[in-house]
Amino acid sequence: QVQLVESGGGSVQAGGSLRLSCVASGRTFSTYTFSNSAMGWFRQAPGKEREFVVSINYSGDNIRLANSVKGRFTISRDNAKNTVNLLMKNLKPEDTAVYYCAAAVKRTPIPSMTAGEYDYWGQGTQVTVSS
């Protein structure tokens, strides 16, 4: 059993910042497994399909970002704590969505941008940005 638990969502005004965290746990998701997994953040706005936001490879030295968040969002991971963080700055109303953390148990140098390649998902955390 694997659990990904997101936290840190909330409501902010445009231009503000939020920091999301995702902690992975479970009998079959050890620290070793986490440190060999790519992690990603996706989001889904009302009436829209889930979209890729950012991903980071198992070692943290390769990051991929959606064009819409480049220069504003930063992802990091702490393999000792089974945690991945997403720092979001200069938030815009169009960033409003439910944000999902995902894990892909793949030790590959380039993290995926495709939702279907992720094995585990969190429940999501709401981010609301008002203008």
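Would you check which residues across segment 27-54 are open to solvent by less than 80 Å² (accessible area, probe 1.4 Å), more than 15 Å from ARG107 (Cβ to Cβ) and over 14 Å from the mean Cα position of the chain (by Cα) and list them? Within segment 27-54, THR28, ALA45 qualify.
Applying a threshold of 6 Å to beta carbon distances and a minimum spacing of six or more residues, or different chains, the list of pairs starting in segment 1-27 at a residue that is within 20 Å of TYR120 (Cα to Cα) and ending at one that is among the charged types (D, E, K, R) and modelled with pLDDT under 95 reads GLN1/ARG27. With a requirement of 3 or more residues that are of a type outside the set (Lys, Arg), the strands (runs of 3 or more DSSP E) lying completely within segment 1-91 that satisfy it span 3-7, 10-13, 18-25, 38-44, 51-56, 73-78, 83-88.
The values are calculated or read from the model by the stated rules, or taken from the named source; none is laboratory data. Just so you know, these numbers come straight off a predicted model, no measurement behind them. Glycine also receives a Cβ, built like all others from the backbone with ideal geometry; neighbour counts cover every protein chain displayed. Accessible surface areas use protein heavy atoms only, side chains included; no ligands, DNA or RNA. Shrake-Rupley method; radii C 1.70, N 1.55, O 1.52, S 1.80 Å.
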